[in-house]
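The values are calculated or read from the model by the stated rules, or taken from the named source; none is laboratory data. Fair warning: this is a prediction, and the values are worked out from it, not measured in the lab. Here the Cβ positions follow ideal geometry from the backbone for every residue, glycine too, while neighbour counts run over all protein chains shown. Note: accessible area is taken over every heavy atom of the protein model, side chains too, but ligands, DNA and RNA are not part of it. Shrake-Rupley method; radii C 1.70, N 1.55, O 1.52, S 1.80 Å.
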Amino acid sequence: MRMRSVGVSLAAWPESMRAFRLLRLAAVLAATSALLVACSSDSSDEPSASRPQAHAPHALEFTNVAHEAGVDFRHGAFRWGTSPDPAAMMGSGVCWLDFDNDGWMDLYVVNSYAEREAKRWEQVGGLPESALYRNVGGEFQDVSAASGANLAVRGNGCVAADFDLDGFTDLYVTTSRVDALLWNNGDGTFTEGADEAGIAGFDWRSGAAAGDVNGDGWPDLFVAGYASLGNPNEGATQGFPNTYFGVRDLLFLSNGPGDGERVTFREVGAEAGLEVVKFEYGLGAVLSDVDRDGDLDLYVANDTNPNRFYENVAWPGGAEADPDGIGVRFEERAGAAGVADPNAGMGVAAGDYDGDGRPDLFVTNARTQTHAAYRSLPPDENEPSWLDVRAELGPSFSGSTGWGVSWADFDLDTDLDLFVANGRVPVTDLEGDAETLQAFGNLEAQSKPGQFEDLGAKVGLSEVGPRLARGSAAADFDNDGDLDVAVATVGGSLVLLENRSAGGRWLEVALGGFHPGATVTAVLPDGRKLVRDVLAGSSYLSSEDPRVHFGLGAATTVRRLVVRWPGGEETTLADVAADQLVVVESPQ
């Protein structure tokens, strides 16, 4: 399936795709080999200021294909009626990963249940289990039990990451009690080992994100803490989650493998500067190099508390001044950077929607509060900052309770669009509390910079209908070059939205190995630079497709493709043909 040459391989699309999507293969079969030219480039240049001739976005339609694709997952909460159970109401996340390394994105869905229904579940066969679906040519097989990934927990979030760097993606699952780490054994099975690894994370944990924050070459793990249900706050002046005390955010640094054993971790959140004032109510989280200085920064969406931006900074006086020798120091700068949104933050997405090469932020809010949209500004003395643009982008971002969120070029016209999953909370009626899923089209490529349009019924979401949605994540599950979306719901069936985009060129880039924090730049023939970051964990408690995706509009080639690896090395490809997946190997 893959040809390898000089550190670069091109993944040819399987013949089975003919039966799955015949209309797409004309473009796919045109894929040609790319040329590795150097490990240096002018990718550090600012994106081109010239604006190309405007062109229309390519038509797209989202269709729920969960049933026909073999995904029969139903969330276990409130099967016999709703109850005042906060952990069940908050729902769960989804994770895209290629756990068997066959080139197709598999799907992991976290499950949960209402506590008062536990005995009823036991009477009818057992507690609800999380599910792993193996992707076989665009159709899914339930391998939950056979793989050992079928955790029966009051689950919350997940992140897909290769923590031991053995080439197989592992899974970390957060719950309202004790978290789980599913080590991928490389043979289609998983082994749970959170306690032995030192990352069990007791109490209610929510969002998680992975990346090498201290630059030692091993993936670390951030885990947000939410509400401690065993620790009520009798003096609360606000409603939930303030009726309970917050749970501390955790930062687990990898120790690497010891004497041939499994990788272990040590917790250093307080020492690194997280939550130095009080424990808040963290949900969505993302690790991204937002200031482009070569290390990973952290953004956390907090429910009813200001969101936090932790900039990864050097220790004053150098490494020798690091009192604990942990190699990382975070400085909280959300207020100074303009991103301390005080509302009920749920999910977070980071992506360059305006084409300036820096990540912008979108945060979904609950209780019909206006979602937060932040456009990146040029760094001031190497300090990142953003401008609040939620009132300037065009559509109304209020009136719903948002959860999962993705920046993604759904219409393949070169700019990043938005997808938002909605559903009311608290949950009193599974149908009555459902809300419409939303998609917003970016008009940057149509020479309307900074403007979006509410696509709504134009893309088929009205036919999908209202959902009590929570976690969501984008991925090209059918390998046809456009991005699809999986949406988890509370008490209902999972939604799998196939993107049926009509035309449009594209390019997907997979990195050999696990490299969150890498930045991939595609330079188009007209000089524009499209910049995408590799992330592990984002949206609402979820993980998206680890491959980088570019919509190319009408461009048939990418003039230059530059991968900036964590640590600063670069790999450059020249004259890369559109409509293919390119696999780029690390220079190390």
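Descriptive notes on the structure:
- Given (1) at pLDDT below 95; (2) open to solvent by less than 10 Å² (accessible area, probe 1.4 Å), number of the condition L552 does not satisfy: (1)
- Across the range 244-274, the number of residues qualifying as open to solvent by less than 20 Å² (accessible area, probe 1.4 Å), out of contact with any Ser or Thr (no Cβ under 8 Å at 6 or more places or on another chain) and closer than 22 Å to L229 by Cβ comes to 4.
- The range 430-471 - residue that is within 26 Å of D579 (Cβ to Cβ) and among the small types (G, A, S) and, of those, nearest to the chain's Cα centre (by Cα): A439
- Applying the condition of being small (G, A, S) and surrounded by fewer than 20 Cβ atoms within 10 Å (Cβ to Cβ) to the range 335-363 and asking which residue is nearest to S539 (Cα to Cα) yields A340.
- Only strands (runs of 3 or more DSSP E) whose full extent lies in the range 472-525 are considered here, and the ones with at least 1 residues that are among the hydroxyl-bearing types (S, T, Y) and either in contact with a strand residue (DSSP E or B) (Cβ under 6 Å, 6 or more places away or on another chain) or modelled with pLDDT of 95 or more (or both) are 484-489, 519-523.
Condition check ((1) in contact with a strand residue (DSSP E or B) (Cβ under 6 Å, 6 or more places away or on another chain); (2) surrounded by 14 or more Cβ atoms within 10 Å (Cβ to Cβ); (3) touching a residue at least 40 places away in the same chain (Cβ under 8 Å)) across all residues:
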| position | (1), (2), (3) |
| --- | --- |
| P378 | no, no, no |
| P384 | no, yes, yes |
| D413 | yes, yes, yes |
| N422 | yes, yes, yes |
| E431 | no, no, no |
| Q446 | no, yes, yes |
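- From W96, W80, W183, residue being open to solvent by 10 Å² or more (accessible area, probe 1.4 Å) and either in contact with a strand residue (DSSP E or B) (Cβ under 6 Å, 6 or more places away or on another chain) or over 28 Å from D482 (Cα atoms) (or both): W80
- Condition met for V136 (open to solvent by 10 Å² or more (accessible area, probe 1.4 Å), under 30 Å from V548 (Cβ atoms) and touching a residue at least 12 places away in the same chain (Cβ under 8 Å)): yes
- Looking only at residues of the range 282-334 that are open to solvent by 60 Å² or more (accessible area, probe 1.4 Å) and in a helix (DSSP H, G or I), we find that the one that is modelled with the highest pLDDT is E320.
- Counting only strands (runs of 3 or more DSSP E) that sit wholly inside the range 57-120, not one has at least 1 residues that are basic (K, R) and without any contact (Cβ under 8 Å) to a residue 24 or more places away in the chain.
- Qualifying residue in the range 422-432 (condition: out of contact with any Asp or Glu (no Cβ under 6 Å at 6 or more places or on another chain), assigned to a strand (DSSP E or B) and either closer than 24 Å to D291 by Cα or aliphatic (A, V, I, L, M) (or both)): no
- S228 fulfils the conditions (1) under 25 Å from D297 (Cα atoms); (2) modelled with pLDDT of 95 or more except for a single criterion, (1).
- Listing of strands (runs of 3 or more DSSP E) fully contained in the range 158-199 that carry 2 or more residues being more than 18 Å from the chain's Cα centre (by Cα): 180-184, 190-192
- Of all the numbered requirements in (1) assigned to a helix (DSSP H, G or I); (2) under 22 Å from the mean Cα position of the chain (by Cα), A209 misses one, and that requirement is (1).
- Any chance P516 is surrounded by fewer than 23 Cβ atoms within 10 Å (Cβ to Cβ) and either closer than 29 Å to V173 by Cβ or touching a Phe, Trp or Tyr at 6+ places or on another chain (Cβ under 9 Å) (or both): no
- Residue, surrounded by the most Cβ atoms within 10 Å (Cβ to Cβ), within the range 364-375, restricted to residues that are without any contact (Cβ under 8 Å) to a residue 60 or more places away in the chain and not in a strand (DSSP E or B): H371
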